[in-house]
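K.L.:
Below is the structure I would like to discuss, written out as structure tokens.
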Amino acid sequence: MTAAAEGSPPLRMTRARRNALLQSEPVQGLALISPTLVYALILLVLPILVVIAHSFWTQHYLTIDRSFTLENYRIALTEPIYRDLLWRSLYISLTVSLLTVLLAYPIAYFISFHGGRHKSLWLFLITIPFWTSYLLRVMSWKVILGYNGVLNSGLMGLGIIDEPSTALLYNSSAVIITLTHAWAAFAILPIFVSLEKVDRTLVEAAKDLGDGPLRSFLRVTLPLSAPGVISAALIVMIPTVGDYVTPKLVGGKDGVMIANAIQAQFGKASNWPLGAALSVTTMVIVTLMAGATVLVIRALQRLAR
Amino acid sequence: MPEQPQSDRPQSDRPMIEIRNVTRSYGAFKALDDASLTIKEGEFFSLLGPSGCGKTTLLRMIAGFDNPTSGSISVGGQPMEGIPANRRPTNMVFQSYAIFPHLNVEQNVAYGLKRLKLQGGEEKRRVEEALAQVSLTGLGKRLATELSGGQRQRVALARALVMRPKVLLLDEPLSALDKKLREQMQVELRRLQQAVGITFVLVTHDQYEALAMSDRIAVMFGGRIAQVASPKEIYQRPVNRQVADFLGGMNFVKAEIVEENGASLVVDTLGFGRVKTDKPKAFVRNGGAATLGIRPERLRVLWDNATARFEVAGKVVERHYFGEITHLIVEIPGLEKPLSVTETNDFGADDIPVGTSIRLAYDPEALVAMAD
């Protein structure tokens, strides 16, 4: 009896403490993110660590020599072929993200400012291309750009060219055209969201203070939608650097990108350490480029004042 | 009654804004219905009315953000038709203040000046002058997000004033401020308007704000202008029951017209007996009936054995305490609705028990005839 009386208060206290712990915000927050966190740790962080580890090792035919070396990085950074592929990848992804943002902005602007009651219908229509597989969309670009494709026969039919142009398909322009189309919706949505957040009375205030439509756009709407432009540019830029399906299908010999080389090292060439070094190099460069993009857009935003 | 401007500053009689038969329809709904109005140069003019009365629509049409369906607006003698907002000699203080969040205070105020490309530090000088006018000197480098509501309001004011417009338009500029700050800003706005001498057009739904600041007020209901007059006349001589009701409390008394001539009316009432009153300018006789109104504060409680030339007797049925004043609801034999009486508390009106029989003194001048 006495023992029970003595024993129960500490027990109740532990339970109270446990409840308090469970109800504290950091704990609840961790509990909420833990499934995703564990998933991300296993499927993202671990593989990246494995890749980084491999990049410092050496392939000896069928075995891997696990002694530390920087040789893979020397090859990745100095071999002309990899350097060229890397430059081309960066050029393609920069061009694609620039074009996508330039083409997406007017669409997002139209929907946000002139969409009226049909805003959600317009957004819905933009997602329609995604109802088919990405491969099908790339294939249809082949049909459009090919030697006997829609574009060539159309131009010949109009008498603009005499024989089919081979300049349309199997080069980096074809990759750029295809990727720009493929990523349009991913650029339209963030820009649309940031335009929706622009207070319309701010645009009125700019007009009231003497700005015409173009000036008020450049001084108010555009700087205030910069966050959307930044995320659109990053959303397009980061994945396109590493794309290897599109160059493989429409890029031909001149459209090969760094990811194709990486795939080859992990596949046919069977040189995992070199593939890993190429991957890590690409990752670092993409990070730097993304950071630079953010800085450039911020600087432009400041210029608009 | 002659119109009495509240200022000592002489006002010109030159018209600044002329609004002629302006109608604005949205489909079948008329936001503004055949409104005509002349606002004088240097005047502090208020558009007063409940929400949806068309006052903001009218202000936005003066600013150029909206266009009349029919009718014309001119500012400074210049017709405004086809002139976009950015080329009108008006500037606006928005209800939400519309401070550019990506710019600091100085850049906000200088926004409209940038385009003018002023030479030799003129821009900086004008920005500083405008900031000083609204007592924001030294806060130029702050971001809009670091300002309080009152400060944001001042930035909006400075940003518009720095453009030296012919007309400053203010769309409910004080509605987002708390009561104390609002009252302080009313005084400041009035003082500022007197100092700069620019025509101010204020939109408000707060009758006390309009009364305290304006030279003249236009009271609007349902897209129509009901009355345009000085605050005092609007308050004391409302043209109809709606205007009377909107500008504070009013006791309405039914009356029979006994005699009508050029300037006056003689009417019989049940509670107040026979009364001779000024005939309102726009009085339209509707049979033999009329309505008289008297403001609650124009009825005074008669204490002890005091007498007055004009008095009514009744019984207190309700008492409401408001700090410096007390509202008494007094039932008068013969009147269908009890009278509401506002009495200051210095003689103990707050202690009158409900059920007491009291007598009320009034001035027959305070009983005004009006349209229904």
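The values are calculated or read from the model by the stated rules, or taken from the named source; none is laboratory data. Being a predicted model, the structure only gives us computed values, none of them experimental. Virtual Cβ from ideal backbone geometry, glycine too; neighbours counted across all protein chains shown.
K.L.:
Tell me which residues, restricted to region A:131-155, are under 15 Å from residue A:184 (Cβ atoms), β-branched (Val, Ile, Thr) and assigned to a helix (DSSP H, G or I).
P.N.:
Hit for region A:131-155 is A:138, nothing else.
K.L.:
Looking at this structure, is residue B:83 out of contact with any Leu (no Cβ under 7 Å at 6 or more places or on another chain) and among the aliphatic types (A, V, I, L, M)? Before you say what the answer is, go through the steps one by one.
P.N.:
Values: out of contact with any Leu (no Cβ under 7 Å at 6 or more places or on another chain): yes; among the aliphatic types (A, V, I, L, M): yes.
Spelling it out, residue B:83 is indeed out of contact with any Leu (no Cβ under 7 Å at 6 or more places or on another chain) and among the aliphatic types (A, V, I, L, M).
K.L.:
Please state which one of A:75, A:92 is assigned to a helix (DSSP H, G or I) and under 23 Å from residue A:179 (Cβ atoms). Spell out how you get there, then give the answer.
P.N.:
Numbers: A:75 fails: under 23 Å from residue A:179 (Cβ atoms).
So the residue among A:75, A:92 that is assigned to a helix (DSSP H, G or I) and under 23 Å from residue A:179 (Cβ atoms) is A:92.
K.L.:
While we're on this one: Show me the strands (runs of 3 or more DSSP E) found entirely inside region B:26-108 where at least 3 residues are closer than 27 Å to residue B:136 by Cβ and more than 14 Å from chain A (Cβ to nearest Cβ). Give the steps one after another, and end with the answer.
P.N.:
Working: elements: B:29-40, B:44-48, B:70-75, B:90-93.
Fully inside region B:26-108 and qualifying: B:44-48.
K.L.:
Taking residue A:255 and the conditions (1) part of a helix (DSSP H, G or I); (2) buried (at least 17 other Cβ atoms within 10 Å of the Cβ); (3) away from chain B (no Cβ under 14 Å), which numbered condition does it fall short on, given that it satisfies the others?
P.N.:
Failed condition: (1).
K.L.:
Turning to a different aspect of this structure: For region A:156-181, which residues satisfy the criterion of being closer than 21 Å to residue A:98 by Cα and part of a helix (DSSP H, G or I)?
P.N.:
Of everything in region A:156-181, those that are closer than 21 Å to residue A:98 by Cα and part of a helix (DSSP H, G or I) turn out to be A:172, A:173, A:174, A:175, A:176, A:177, A:178, A:179, A:180, A:181.
K.L.:
If you take the residues of region A:241-256 that are under 16 Å from residue A:143 (Cα atoms) and of a type outside the set (Val, Ile, Thr), which of them is nearest to the chain's Cα centre (by Cα)? Step through it out loud before you land on a result.
P.N.:
Pass one, region A:241-256, residues under 16 Å from residue A:143 (Cα atoms): A:246-252.
Going one step further and asking which of them are of a type outside the set (Val, Ile, Thr), we end up with A:247-249, A:251-252.
On the way: A:247: 16, A:248: 19, A:249: 20, A:251: 19, A:252: 23 Å.
The residue in question is A:247.
K.L.:
List the residue pairs whose Cβ atoms are under 8 Å apart, where the first residue sits in region A:82-111 and is under 27 Å from residue A:216 (Cβ atoms), the second is charged (D, E, K, R), and the two are 6 or more positions apart or on different chains.
P.N.:
What qualifies is A:111/A:119.
K.L.:
OK, next. Pick from region B:127-163 the residues that are among the charged types (D, E, K, R) and assigned to a helix (DSSP H, G or I): which of them is nearest to the other protein chains (Cβ to nearest Cβ)?
P.N.:
Taking region B:127-163 as the starting set, the residues that turn out to be among the charged types (D, E, K, R) are B:128-129, B:141-142, B:146, B:152, B:154, B:159.
Still in the running and assigned to a helix (DSSP H, G or I): B:128-129, B:146, B:152, B:154, B:159.
Details: B:128: 18, B:129: 17, B:146: 17, B:152: 12, B:154: 15, B:159: 7 Å.
Within region B:127-163, the match that is nearest to the other protein chains (Cβ to nearest Cβ) is B:159.
K.L.:
For residue B:124, work out the one condition from (1) within 13 Å of another protein chain (Cβ to nearest Cβ); (2) surrounded by fewer than 22 Cβ atoms within 10 Å (Cβ to Cβ) it doesn't fulfil.
P.N.:
Here residue B:124 meets the rest and fails (1).
K.L.:
Do we have any residue at all in region A:224-232 that's over 18 Å from the mean Cα position of the chain (by Cα) and surrounded by fewer than 23 Cβ atoms within 10 Å (Cβ to Cβ)? Before you say what the answer is, go through the steps one by one.
P.N.:
First, pick out the residues of region A:224-232 that are over 18 Å from the mean Cα position of the chain (by Cα): A:224-225.
If we keep only those that are surrounded by fewer than 23 Cβ atoms within 10 Å (Cβ to Cβ) as well, we get A:224.
Scanning region A:224-232, I find at least one residue that is over 18 Å from the mean Cα position of the chain (by Cα) and surrounded by fewer than 23 Cβ atoms within 10 Å (Cβ to Cβ), so the answer is yes.
K.L.:
Does at least one position in region B:114-121 carry a residue that is touching a residue at least 12 places away in the same chain (Cβ under 8 Å) and at the interface with chain A (Cβ under 9 Å from one of its Cβ atoms)?
P.N.:
So in region B:114-121, the residues touching a residue at least 12 places away in the same chain (Cβ under 8 Å) come out as none.
No; the residues of region B:114-121 include none that is touching a residue at least 12 places away in the same chain (Cβ under 8 Å) and at the interface with chain A (Cβ under 9 Å from one of its Cβ atoms).
K.L.:
Could I ask something else about it? When you look at residue A:122, is it in contact with a Gly (Cβ under 8 Å, 6 or more places away or on another chain) and at pLDDT 90 or above, yes or no?
P.N.:
Numbers: in contact with a Gly (Cβ under 8 Å, 6 or more places away or on another chain): yes; at pLDDT 90 or above: yes.
Against the criterion (in contact with a Gly (Cβ under 8 Å, 6 or more places away or on another chain) and at pLDDT 90 or above), residue A:122 qualifies.
K.L.:
Shifting gears a bit: Does region B:188-198 contain any residue that is among the β-branched types (Val, Ile, Thr) and in the same structural domain as residue B:308 (by TED's automatic domain parsing)?
P.N.:
Initial filter on region B:188-198 (among the β-branched types (Val, Ile, Thr)): B:196, B:198.
Then keep just the ones that are in the same structural domain as residue B:308 (by TED's automatic domain parsing); that gives none.
So far as region B:188-198 goes, no, none of its residues is among the β-branched types (Val, Ile, Thr) and in the same structural domain as residue B:308 (by TED's automatic domain parsing).
K.L.:
Could you list, in sequence order, the residues of region B:74-92 that are surrounded by 23 or more Cβ atoms within 10 Å (Cβ to Cβ) and touching a residue at least 40 places away in the same chain (Cβ under 8 Å)?
P.N.:
B:75, B:90, B:91, B:92
K.L.:
Further question on the same structure: Which one of these does residue A:171 not meet: (1) of a type in the set (S, T, N, Q); (2) within 14 Å of another protein chain (Cβ to nearest Cβ); (3) surrounded by fewer than 19 Cβ atoms within 10 Å (Cβ to Cβ)?
P.N.:
For residue A:171, the failing item is (2).
K.L.:
Restricting to region A:1-44, what's the tally of residues that are outside any helix (DSSP H, G or I) and at pLDDT below 70? Lay out the reasoning, then the answer.
P.N.:
Filtering region A:1-44 for residues outside any helix (DSSP H, G or I) gives A:1, A:24.
Next, from what is left, pick out any that are at pLDDT below 70: A:1.
Residues in region A:1-44 being outside any helix (DSSP H, G or I) and at pLDDT below 70: 1 in total.
K.L.:
Just a yes or no: is a residue in region A:231-247 free of Cβ contacts under 8 Å to residues at least 60 places away in the same chain, aromatic (Phe, Trp, Tyr) and part of a loop (DSSP other than H, G, I, E, B)?
P.N.:
The answer is yes, given that some residue of region A:231-247 is free of Cβ contacts under 8 Å to residues at least 60 places away in the same chain, aromatic (Phe, Trp, Tyr) and part of a loop (DSSP other than H, G, I, E, B).
K.L.:
Another one. Can you find a residue that is assigned to a loop (DSSP other than H, G, I, E, B), surrounded by fewer than 24 Cβ atoms within 10 Å (Cβ to Cβ), within 13 Å of chain A (Cβ to nearest Cβ) and over 19 Å from the mean Cα position of the chain (by Cα) anywhere in region B:164-175?
P.N.:
The answer is yes; a qualifying residue exists.
K.L.:
Restricting to region A:195-215, count the residues that are in contact with a helix residue (DSSP H, G or I) (Cβ under 7 Å, 6 or more places away or on another chain), closer than 27 Å to residue B:163 by Cα, part of a helix (DSSP H, G or I) and more than 8 Å from every other protein chain (Cβ to nearest Cβ). Talk me through it step by step, then tell me what you get.
P.N.:
Residues of region A:195-215 in contact with a helix residue (DSSP H, G or I) (Cβ under 7 Å, 6 or more places away or on another chain): A:195-196, A:198, A:202-203, A:206-212.
Within this subset, residues satisfying the condition of being closer than 27 Å to residue B:163 by Cα are A:198, A:202-203, A:206-212.
After this cut, where a residue has to be part of a helix (DSSP H, G or I) as well, the list is A:202-203, A:206-208.
Narrowing the set further to residues that are more than 8 Å from every other protein chain (Cβ to nearest Cβ) leaves A:203.
Final tally of qualifying residues: 1.
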